[in-house]
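Below is one structure; the comments refer to it alone.
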Amino acid sequence: MSFTRSLIKKCLVSKNKKYVVFILTALTLSLPLLSSEIFYIDFLLVLFMYATIAVGWNIIGGYTGYVSFGHVAFFGLGAYTTAILLVRFGLSPFVTCILGGVVAIVFALLIGIPTLKLKGAYFAIATLGLGFVLQLLFLNLGSLTGGGEGLSLPLPPWDIKTSVEIFYYAMFIVFLASVLTTYWLEHSRFGLALKCIRDDELSAETSGIPTAKLKTMAFLLSAFFPAVSGGLFSYYATYIDPITVFDPKISMYAIVFSMLGGSGSVLGPVIGSIILYSVAQTARYLITAPGVDVMVFSAIAVAVIIYLPEGIVGFLKGRSGAK
Amino acid sequence: MNLFIQAVITGVLVGGIYALVTLGLTLIFGVMDIGNAAQAAFAILAAYIVYWLSSLYHVDPFIGMILATGLLFVMGFYLYKYIVYKTSGLMAFALLYFLSIFLESTMVFVWGNTYRGIKVPYLSGSLQIYGYYIPLDRFIGFLMVSAVLAIIAYVLKYTYFGKAIRATMQNPYAAALMGINVDRIYQVTFGIGIALSGIAGVILGTIYSFYPSLQGVWIGLMFAIVVFGGMGSLSGTLIGSIIIGIISSLVATYVSSVWAPLVAYVILVLTLWIKPSGIKGRKI
Amino acid sequence: MVKMNGKTLLVGAALTILLLMVGCVGQPSTPSPTQTASPTPTASPTPAPSLLVGGSLSLTGEYGRTGEWYKLGYQLWADQVNAKGGLLGKPIKLILYDDQSDPTTSANLYEKLITVDKVDLLLGPYSSAIVFSASSVSEKHHMVMVEGGGNALKVFSRGYKYIFLTLPGLAENITKGLFDFIAQLPSDQKPETIAVINANDLFPKAIASGALHYADKLGLQVVLHEEYPKGTTDLTPLITKIKNLNPDVLVCGTYFPDATLVVKTLKQLNWKPKIVFLTVGVAMPEFWDTLGTDAQGMMGESWWEATAPWAGVKEFVQAFKQKYGKDPDYHAACAYAAGQVLETAVKAVGSLNQDKIANYIRTHTIQTVVGPLKFTEAGYPTLGPLLVQWQNGERVIIMPKDAATGEAIYPLPSTWS
């Protein structure tokens, strides 16, 4: 037991992790060449999508300590921006998904100014409401969004195998970019300032950290990546509607993935996503009864909050919980 | 004018239902400063228990309600005693949020996400007063909320237990020094809060059709009311609920039904922005 | 030690509740997890001895009740084919997943059916929005999907080549029978005003747009057209508003739950227009079970009745009753018909070549229990629905006149007794 733990610790924490990361990246990139099963590529693609949302969430929820319960708002906003620009103006989703990110940033700015004044559970409640508000708006503004009917996007012009591979690489790039961003954050003064805000906002403020500005910047950054992945998702799914892309469960996934892996760390959300998404999908296909996957999920979330609040990474680093 | 008055009547009655659902949340928020995100899930659970009791064993819904409320009190009591006490603030909110998802998915797993409704044949139809219609089921709900509010207010004001709760609410440390068993107060309050959601759930189940995912819809509304009314203020909850009920009803009548659900959230955001302490709350 | 006891107590309480919950499973109309959905071992390289037919259905969620009918229809069809020796000499194995009434889940499941389970033939899911999303997957893979559950025009206006509908008409045509009925009324009894409401979802929207079109053609004055949120639990303000406008006809683009909600709310406000027309709910026996005598006089569309004069209907109804102990409804019949269409085409083509199957279906008239289906280029048939009305616990066919089994109650009394 202790041997495996030290081994994992070595892989994750020691200096060797660069090689581990490199090998994993190479493996991931070559997967479509190794396997012809579309299902597995699709599986990883969606995994990357959730991991990206979790990594984005981690910037505000993990590093800054402002736990957003409505991150699906940004995902859905990105999905709709891309879909609308494609359907109405025929712009390529691979370009407009970035625009979706920009729209999410603008929206996050508008929302962040009033809500980031709130502390703890109040911020959580405000953001929880945010997801619902956007879902309702997109349901009701039918002339722009297609309303409850949703939007049907044109099928990608490639055959199925090629198209899955293209989306796979695109999603992987977005995922990688989000991880690299948090890696930079971890090692920058900006990230350090955010951690100060998380640990003691008042002290941070009195030590001259411009907390309001930095919090907002973190919020904007955390909104960007989920929106971009949402844009890719909409083109990949070829059909979106408000019920699906503003599903509160997506916010929940982001939180649980990050918390299990260890929020406030670079690899935490990634590890959490890999473990939990695999578990949930396996549960879902082995036991076809409805609700099982979510049941497994939420049970893990409750257990993590009680027994492993620092997540796997935190546990391995021995910051706490290693009793 | 007719239409306006009928809309206001509908709004007041619906507001009463909102208040009933939210009371438990307010109580828990007020006494122990925990945002109980699982409140609505427990309400739906109670509705299911009563539904099955009445459709399988023909237990009258109001007797079923007493059973369900008792069961929920026990659940809430032990839930706090063994799990929730370990956390506080944001973590407690997150814990209870995921607990609500767990309850929801368990209900989906066990009963399916199908619409159900508790049938109370003697409550269909409505009273007619001066040409205005007061749906009987909602009227009963409104009477219930008045009764529950009166009982809570009495208990808080005049009994020893109520005074202990208020003391704990103001300053748990001082209360503990005065010999109040603060842990026990918390456990019982949590139990009562959850039990209140049981009453609300059953009333809801007789009026509307329900399904497990409905809890997600209700919990947002409930937090909007608690924030708007002022954290921990019972009268604030009642006033806030009725205001939100009336505005929703007017929007549905004069604008469109599709915009009515947005009212609560707009009020939530505006309250948090302009006056986070709500209409009757203490400073946060 | 005390703590341990407490924990045991908690666990005990949890177990008791779980047992209580489980005890309730399998009681009145609880959708049990689908039995046929035993997942096949992932992509076995050895050729499967049976012919795999797959699909997803809304067995839980909003459309859980309706989805169940499709499952029964599909199963009966598969059983009957297998009793006759299978298709192309192989027994049929049905793989049906639960999409929880969610379009994206359904699309994922079809992806899985095609790429992992490697099914040979596809059957469709239920409800237009879900068919809309799922068919984009089957189309991508060039697989034929025969479905009896999604008939909004939008599904068939995308130029898809592999999707076919067995509901005998489009959602836009649902109210045609109603307006035919209105048109033949003597002029002094004709209604003059109409209100149209619908849930803001693909299928109800299509019904409303059809109703508005017909109303315009007949010169009825539309006093109100409004949408409400899908899955709503309270319609009092909307119905109050309509009552105030006092239209002669109320057309509601509903699913089952909101159809019953409309009737309940009408009763609470003690008002009825001369005609109340509701979609989906009315044709289901549960409508009367749920509402009792309050359902009296409610009109709706039926795509199929057990008394319909098509070939094979009697045998189908009999077999269905024998297997499940209840009468089939139109959803079950359309599901069964979807199977029949696939069966006929595959037999005629003699292979599982999807292009040939699609071509055959498009160019031939196929006899089914919902009537002889002739498909347009876009993939939908052009028969129309029946107009039915609940009278004393029975659905009476009102229109078309030559299929009528009774006289309409018209106008409805304006108050509830």
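From the backbone phi of the range C:343-358, what are the Karplus-calculated ³J(HN,Hα) couplings (6.51 cos²θ - 1.76 cosθ + 1.60, θ = phi - 60°) in whole Hz, Gly and Pro given as x?
4, 4, 5, 5, 4, 5, 7, x, 8, 9, 5, 5, 5, 5, 4, 4
Could you give the semi-axes, largest first, of the ellipsoid that matches the range C:166-224, computed as the square roots of 5 times the alpha carbon gyration tensor eigenvalues and rounded to whole Å?
On the way: eigenvalues 94, 42, 11 Å².
Computed over the range C:166-224, the values are 22, 15, 7 Å.
For the range A:99-105, take each phi angle, set θ = phi - 60°, evaluate the Karplus expression 6.51 cos²θ - 1.76 cosθ + 1.60, and give the result in whole Hz per residue in order, putting x for glycine and proline.
Ordered by residue, 3J(HN,Hα) equals 4, x, x, 5, 4, 4, 5 Hz.
Please give the helix B:61-82 orientation as an angle from the longest Cα principal axis of chain B, in degrees from 0 to 90, rounded to the nearest 10.
For B:61-82 against chain B, the angle is about 30 degrees.
With θ set to phi - 60° and the Karplus curve 6.51 cos²θ - 1.76 cosθ + 1.60, what are the ³J(HN,Hα) couplings of the range C:257-262 in order, to the nearest whole Hz, using x for Gly and Pro?
3J(HN,Hα) across the range C:257-262, in whole Hz: x, 6, 4, 5, 4, 4.
Pop the C-beta distance of C:ASP402 and C:ALA183 into the FRET formula with R0 = 22 Å and round what comes out to the nearest 0.05. Write down the numbers at each step before the final one.
Values: r = 16 Å, r/R0 = 0.72.
Computed FRET efficiency for C:ASP402 and C:ALA183: 0.90.
Calculate the mean, over all residues of peptide B:268-276, of how many other protein chain Cβ atoms lie within 10 angstrom of the residue's Cβ.
Numbers: counts 7, 7, 1, 1, 9, 6, 1, 0, 6.
Mean shielding by partner chains, rounded to a whole number: 4.
When the gyration tensor of the range C:129-250 is built from Cα positions, what are the square roots of 5 times its three eigenvalues, in whole Å, from largest to smallest? Intermediate values should be presented prior to the final figure.
Numbers: eigenvalues 214, 69, 17 Å².
Equivalent ellipsoid semi-axes, largest first: 33, 19, 9 Å.
Can you give the average number of partner chain beta-carbon atoms within 10 Å of each beta-carbon in peptide C:203-212, as a whole number? Don't jump to the answer; show the numbers that get you there.
On the way: counts 2, 2, 4, 1, 0, 0, 0, 0, 0, 0.
Taking the mean over all residues of the peptide, I get 1.
Between the range C:80-100 and the range C:245-259, what's the alpha-carbon centroid distance in Å?
Using only Cα atoms to place each centre, the spacing works out to 39 Å.
Across 10 Å bins from 0, what is the distribution of all Cα-Cα pair distances for chain A, in whole percents?
The distribution over chain A is 6, 26, 35, 24, 8, 1, 0, given as percents.
Using alpha-carbon pairs under 8 Å, 6+ residues apart, how would you state the relative contact order of chain C in percent?
Details: 820 pairs, mean separation 67.6, N = 417.
Taking the mean separation of contacting Cα pairs over the length of chain C, I get 16 percent.
Where the centroid of each part is defined by its Cα atoms, how far is the range B:249-266 from the range C:151-223 in Å?
Cα centroid of the range B:249-266 versus Cα centroid of the range C:151-223: 27 Å apart.
Taking the Cα centre of chain C as origin and charging only Cβ (+1 Lys, Arg; -1 Asp, Glu), how large is the dipole, in debye to the nearest 20? Each step should come with its number before you reach the end.
Working: 34 positive and 36 negative charges, 139 e Å.
Computed charge dipole of chain C: roughly 660 debye.
What order, most packed first, do the peptides C:196-208, A:299-311 have when packing is the mean number of other Cβ atoms within 10 Å of each residue?
Details: C:196-208: 25.8, A:299-311: 19.0.
For the peptides C:196-208, A:299-311, the packing ranking is C:196-208, A:299-311.
Name all residues of the range B:139-161 having a backbone nitrogen under 12 Å from the label point set 7 Å from the Cα of B:LEU127 along its Cα→Cβ direction, giving them as ranges.
B:139-144
Write down, largest first, the equivalent ellipsoid semi-axes of chain C in whole Å, where each equals the square root of 5 times an eigenvalue of the alpha-carbon gyration tensor. Provide the component values of the computation, followed by the final result.
Details: eigenvalues 267, 182, 75 Å².
The three semi-axes for chain C are 37, 30, 19 Å.
So how far apart, in nm, are the two label points at C:HIS142 and B:PHE161 if each is 7 Å from Cα heading toward Cβ?
7.4 nm
Summing -39500 (n - 2.57) over the DSSP H runs of n ≥ 4 in chain C and dividing by its residue number, what mean residue ellipticity at 222 nm do you reach, to the nearest 500 deg cm²/dmol? If you can, show how the numbers build up before the last one.
Values: 13 runs with 170 residues, N = 417.
-13000 deg cm²/dmol, from helical runs alone.
Taking the alpha-carbon centroid of each part, what is the distance from the range A:75-123 to the range A:178-201 in angstrom?
22 Å
How crowded by other chains is A:298-309, given as the mean number of beta carbons from other chains within 10 Å of each beta carbon?
Mean number of neighbouring Cβ atoms from other chains: 5.
From the convex hull of the Cα coordinates of the range B:2-274, what is the mean projected area in square nanometres?
Numbers: hull surface 60.7 nm².
Value for the range B:2-274: 15.2 nm².
Quickly work out the C:HIS225-to-A:PHE22 label distance, labels modelled 7 Å from Cα along the C-beta direction, and quote it in nm with one decimal.
Once both label points are built, they end up 6.5 nm from each other.
Determine the sum of side-chain charges near C:LYS140: Lys and Arg each +1, Asp and Glu each -1, restricted to other residues whose C-beta is under 13 angstrom from that of C:LYS140. Please report the intermediate quantities before stating the final value.
Numbers: positive: A:LYS161, C:ARG158, C:LYS161; negative: A:ASP42, A:ASP159, C:GLU111, C:GLU139.
The answer is -1.
Could you work out the relative contact order of chain A? I mean the mean sequence separation of Cα pairs under 8 Å and 6+ apart, divided by the number of residues, in percent. Display every interim value, and only then the final one.
Details: 493 pairs, mean separation 96.2, N = 323.
Computed value for chain A: 30 percent relative contact order.
Considering amide H positions built from the backbone, and no H for Pro or chain starts, which residues 5 or more places from C:GLY169, or on another chain, come under 5 Å of its amide H?
Residues meeting the amide H criterion: none.
Under 5 Å between amide H atoms, partner at least 5 residues away or on a different chain: which partners does C:LYS93 have, H built in plane at 1.01 Å?
C:LEU51, C:LEU52, C:VAL53
FRET efficiency for B:ALA153 and C:GLU192, Cβ-Cβ distance as r, R0 = 56 Å, nearest 0.05?
Working: r = 54 Å, r/R0 = 0.97.
E(calc), rounded to 0.05, equals 0.55.
Most mobile of C:LEU245, C:LEU165, C:LEU121 per a Gaussian network model of chain C (Cα springs, under 10 Å)?
C:LEU245
Just to be sure I understand: of the beta bridges DSSP finds with both ends in the protein assembly as shown, what percent are antiparallel, rounded to 5? Don't jump to the answer; show the numbers that get you there.
Working: 21 of 52 bridges.
Bridges in the protein assembly as shown that DSSP calls antiparallel: roughly 40 percent.
Compute the relative contact order of chain B as a whole-number percentage, counting only Cα pairs closer than 8 Å that sit 6 or more residues apart in sequence. Kindly include the intermediate steps, with their values, before the conclusion.
Details: 452 pairs, mean separation 103.4, N = 284.
Answer for chain B is 36 percent.
Is it possible to state the helix-based mean residue ellipticity at 222 nm for chain B, with each DSSP H run of 4+ residues giving -39500 (n - 2.57), the sum divided by total residues, to the nearest 500 deg cm²/dmol? What is it? If you can, show how the numbers build up before the last one.
On the way: 11 runs with 211 residues, N = 284.
The helix contribution divided over chain B gives -25500 deg cm²/dmol.
Can you check how the C-alpha radius of gyration of the protein assembly as shown compares to 2.2 N^0.38 Å, as a plain ratio? Let's see the in-between values first.
Working: Rg = 28.8 Å, N = 1024, 2.2 N^0.38 = 30.6 Å.
Expressed relative to 2.2 N^0.38 Å, the Cα Rg reads 0.94.
Once you place label points 7 Å from the Cα toward the Cβ at B:ILE279 and B:TYR82, how far apart are they in nm?
About 4.1 nm separates the two model spin labels.
What ranking do B:150-160, C:394-404 get when scored by the average of other Cβ atoms within 10 Å per residue, highest first?
Numbers: B:150-160: 12.5, C:394-404: 16.7.
Descending packing order for the listed peptides: C:394-404, B:150-160.
Read the figures in this text as sums done on the coordinates, not as results from a lab. What you are looking at is a predicted structure, and each value in this text was computed from that prediction instead of being measured. Neighbour counts are summed over all protein chains in view; Cβ atoms, including those assigned to glycine, are modelled from backbone coordinates with ideal geometry.
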